[in-house]
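Asks: The structure is given below, and queries will be raised subsequently.
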Amino acid sequence: MENLSKFCTCDDHDCPLHPTNHERGCAPCIADNLKDNEIPSCFFNKVDADYDKDTYSFDDFARLVIEKQNR
C-alpha cells in the first residue's frame, strides 16, 4: 500500500485505477473521473464517509456539499 496517498479514502481495491494496483498514484483515477465528468470518490468520502451511491457527478457532489452544510 505504499502508493496510497494519505488522503485516499477509496476502498475499491479491485479497481485497476486504485493507487495500490499500480505505480502512478492517484493520477489515473483522477484522469478517468475527469474524462467521465465525475469526481473521485475520495472527495465524496471527505464530505460524507457513508456516501453509498454509485454516481459521482459534479451535480451529485454539489448536492451532497449543500446537504451537509444545511444540517
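Bear in mind these aren't lab numbers, they're just calculated from the coordinates by the rules spelled out. Bear in mind the structure is a predicted one, so any value in this text is a computation, not a measurement. Cβ coordinates were reconstructed from backbone atoms using ideal geometry, including for glycine residues, and neighbour counts include every protein chain displayed.
Asks: In region 47-68, what count of residues is obtained for those that are in a helix (DSSP H, G or I) and surrounded by 12 or more Cβ atoms within 10 Å (Cβ to Cβ)?
Replies: Going through region 47-68 one residue at a time, the tally reaches 5.
Asks: Next question, about the same structure. Please determine, by comparing only the residues of region 17-34 that are within 15 Å of Lys6 (Cα to Cα) and among the small types (Gly, Ala, Ser), which one is surrounded by the fewest Cβ atoms within 10 Å (Cβ to Cβ).
Replies: Filtering first and then ranking leaves Ala27.
Asks: Within region 35-46, take every residue that is part of a helix (DSSP H, G or I) and under 11 Å from the mean Cα position of the chain (by Cα) and give me the one that is surrounded by the fewest Cβ atoms within 10 Å (Cβ to Cβ).
Replies: Across region 35-46, the extreme among qualifying residues is Lys46.
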